[in-house]
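The structure appears below as structure tokens.
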Amino acid sequence: MSHLVLKSHAKVNIGLQIRNQRPDGYHNIHTVFQELDFHDTIRLEKRTSSCQFSSNVDWLAKDDSNLCVKAWQKMVHAFGLGGVSIELEKRIPAGGGLGGGSSNAATILKGLRKLYELDVSDDELETIGIELGADVPFFIKGKTQIGDGIGEILKPIETIINGCYLLVVPDLHIDTKWAYGEFKNILDRPNEIVNFRGFIRKEIIPFELFENDFEAIVVPAYPEIGQIKNSLRAHGARFASLSGSGSTVFGVFDEDADAKSAESHFSSRYNTFITNPTL
């Protein structure tokens, strides 16, 4: 095999609890990751040596600060494989809480395994992935998973959170380190862990219990986020939330037609995408 074309999917967080700060400075979380059909496209081709990276966007570095290049370097170090040409077609917005960069890195890990026909398990790739970013291990298997620790302790869920997802992406950059730093001020409050897995198995999911703790920090600082969320609910979403620390706000609709109708309210002011969960 000399070349591959792969989809690199986005994700949203259906509920996100921030638990406690760890000795290493990170925070433990409890969340449901839902992978979506919305994706970037990655083309891989074998080279004798080195990594050649190209993209359709100019804001991605082409050197070894790039997560895709870092993923290749990790695989070279672990398995001694050869070079690769990476062509990345970006659609997932940067810094929107959709996991685009982490997904790209995970897709490179999986793609190199296939391209070089390596006998490497998903668990081994997840172990490599956590060295690249907290969300990278999730994208090795994707679909629907409970995430604990910093997101690397993963438990698959058989039930996907179905529906038509409308993603609304305002032109805001919300710094994740800032959001976690601000959250320290309210971390002392009682915070019982929510049984996300149990609730998802119910015939009617009690979405009112699936809160994203970051909203307590982000919405007061960026009121537009709260306005988008309220508007999604007003236009028929059965659930609306910030994804990760933002800035993407998403609504889950029962019918595609309802999502498309709601999209018309946002599309003149924001980037919007309609998608579904991966099966």
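For the chain, the longest principal axis of the Cα atoms and the long axis of helix 67-79 meet at an angle of about 50 degrees. Normalising the average separation of contacting C-alpha pairs (under 8 angstrom, six or more residues apart) by the number of residues puts the relative contact order of region 146-259 at 34 percent. Rolling a 1.4 Å probe across all protein chains gives HIS235 an accessible area of roughly 70 Å². To the nearest 10, the accessible area of LYS202 is 100 Å² with a 1.4 Å probe. Annotation: peptides 66-73, 261-268, ranked by per-residue average of other Cβ atoms within 10 Å with the highest first, follow the order 66-73, 261-268.
Per the 1.4 Å probe, what fraction of the accessible area of the chain, in percent, lies on carbon and sulfur atoms? Each step should come with its number before you reach the end.
Values: 6100 of 13050 Å².
C and S fraction of accessible area: 47 percent.
Of the listed residues ARG19, ARG233, the order by accessible area with a 1.4 Å probe, largest first, is ARG233, ARG19. When all protein chains stay in place and ligands, DNA and RNA are ignored, the 1.4 Å accessible-area order of GLU158, GLU152, GLU255, largest first, is GLU158, GLU255, GLU152.
Charges were assigned to the Cβ only: +1 to each Lys and Arg, -1 to each Asp and Glu. The resulting dipole of region 106-260 about its Cα centre is roughly 220 debye.
Which semi-axis lengths, in whole Å and largest first, follow from the square roots of five times the eigenvalues of the Cα gyration tensor of region 200-279? Could you put the intermediate results ahead of the total?
On the way: eigenvalues 75, 66, 24 Å².
Working through the eigenvalues yields semi-axes of 19, 18, 11 Å.
Could you check the spin-label model distance between ASP123 and VAL5? Points 7 Å from the Cα along Cα→Cβ, value in nm. Once both label points are built, they end up 3.5 nm from each other. Based on the Stokes-Einstein relation at 10 °C and a viscosity of 1.306 mPa s, and on the Kirkwood radius from alpha carbon pairs, region 1-132 is assigned a translational diffusion coefficient of 101 µm²/s. State log₁₀ I(q)/I(0) for the chain at q = 0.07, 0.09, 0.10, 0.15 Å⁻¹ as given by the Debye formula over alpha-carbon point scatterers of equal weight, solvent excluded. Debye output, listed in q order: -0.25, -0.42, -0.52, -1.14. Could you give the size of the charge dipole of the chain about its Cα centre, using +1 on the Cβ of each K and R and -1 on the Cβ of each D and E, expressed in debye and rounded to the nearest 20? Magnitude of the dipole: close to 240 debye.
Taking a ≥ b ≥ c as the square roots of the eigenvalues of the alpha-carbon gyration tensor, region 92-212 is classed prolate because a/c is 1.5 or more and a/b outweighs b/c.
With contacts taken as Cα pairs under 8 Å at a separation of at least 6 residues, region 1-112 carries a relative contact order of 33 percent. Working note: Karplus 6.51/-1.76/1.60 with θ = phi - 60° gives region 87-101 the couplings 10, 10, 9, 7, 10, 6, x, 6, x, x, x, 9, x, x, x Hz, where Gly and Pro are set to x. Taken per residue, the accessible surface of the chain reaches 47 Å², heavy atoms only and a 1.4 Å probe. Dipole of the chain computed with +1 at Lys/Arg Cβ and -1 at Asp/Glu Cβ about the Cα centre; of SER65, THR278, LEU4, farthest Cα towards the positive end is LEU4. Seen from a random direction on average, the alpha-carbon convex hull of region 1-71 projects onto 7.5 square nanometres. Result for the chain in a Gaussian network model with C-alpha springs under 10 Å: among ALA94, ALA221, ALA105, the largest mean-square fluctuation is at ALA221. Accessible area per residue was computed with a 1.4 Å probe on protein heavy atoms; TYR26 scores about 130 Å². Helical content of the chain, expressed as a calculated mean residue ellipticity at 222 nm, amounts to -9000 deg cm²/dmol (DSSP H runs of 4 or more residues, -39,500 (n - 2.57) each, divided by residue number, nearest 500).
The values are calculated or read from the model by the stated rules, or taken from the named source; none is laboratory data. What you are looking at is a predicted structure, and each value in this text was computed from that prediction instead of being measured. Virtual Cβ from ideal backbone geometry, glycine too; neighbours counted across all protein chains shown. Heavy atoms of the whole protein, side chains included, go into the accessibility calculation; ligands, DNA and RNA do not. Shrake-Rupley method; radii C 1.70, N 1.55, O 1.52, S 1.80 Å.
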